[in-house]
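The values are calculated or read from the model by the stated rules, or taken from the named source; none is laboratory data. Computed from a predicted structure; not experimentally measured. With ideal geometry, Cβ positions are generated from the backbone for all residues, glycine too; neighbour counts draw on all protein chains shown.
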Amino acid sequence: MILVAGAAIWGFWDRRQTRAAVTRYEAERAEQDRLTASTRAAIEEMRGRGADRYRPYLNVSIVKLLPAPPGDAAPAPQRIHIPADSGMFTLVLNVVGQKSYPSYKLEITTQDGKPVWDGQGLRKSQQNTFHLIFPVSLFPAGGYQFRLLGSGRDREALVETYRVQVDNQ
């Protein structure tokens, strides 16, 4: 009789443990399914954003800028035309002189001094130029100033200034 009662208690306890384990398993499985779906959605979103990186841009304009002449306090801006339907354009900054810096930075402002873009990590080509690709939408028609700065030994030095008047059509 004690043996039967012990077996009944053990059976009751075992069923309770099994139910608890099944409940935990189902909860963990539901959480895993939720995370899997969330991860898949995030991956698909990133693929969609990254797709532009792998498609070619056709008919991209190339704009070459020359620096302002030395000693000219207010040079006339260079007029450039960027077709509005081209999407992107390549900007080539020509540099006069051969002084090199460990790193370069470009600051772009409107003619009113409002920041448009700035970035570090530019590298000078063997042709003494810098190449950047920008979306046309970043430059609506108007006046802009580009300041190329060289950095080294905790100092920045102005390398070149470019004044530009953009006409988009």
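Please determine, by comparing only the residues of the stretch 45-85 that are part of a helix (DSSP H, G or I) and over 20 Å from the mean Cα position of the chain (by Cα), which one is modelled with the highest pLDDT. Steps first, please.
Within the stretch 45-85, the subset part of a helix (DSSP H, G or I) is 45-54, 84-85.
Subsequent filtering for residues that are over 20 Å from the mean Cα position of the chain (by Cα) retains 84-85.
Values: Ala84: 73, Asp85: 79.
It comes out as Asp85.
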With the condition kept exactly as written, say whether any residue in the stretch 109-117 is at pLDDT 90 or above, acidic (Asp, Glu) and part of a strand (DSSP E or B). no
Test result for Ser125, more than 16 Å from Gln165 (Cα to Cα), without any contact (Cβ under 8 Å) to a residue 12 or more places away in the chain, loosely packed, with under 13 Cβ neighbours inside 10 Å and not aliphatic (A, V, I, L, M): yes
Just to be sure I understand the filter: pairs with C-beta atoms under 7 Å, separated by 6 or more residues or on different chains, first member in the stretch 57-71 and over 17 Å from Phe89 (Cβ atoms), second member part of a strand (DSSP E or B). Which pairs pass? Pro67/Asn94; Pro67/Glu160; Pro67/Thr161; Pro67/Tyr162; Ala68/Thr161; Ala68/Tyr162; Ala68/Arg163
With respect to Leu122, is the statement that it is within 21 Å of the chain's Cα centre (by Cα) and in the same structural domain as Arg163 (by TED's automatic domain parsing) true? yes
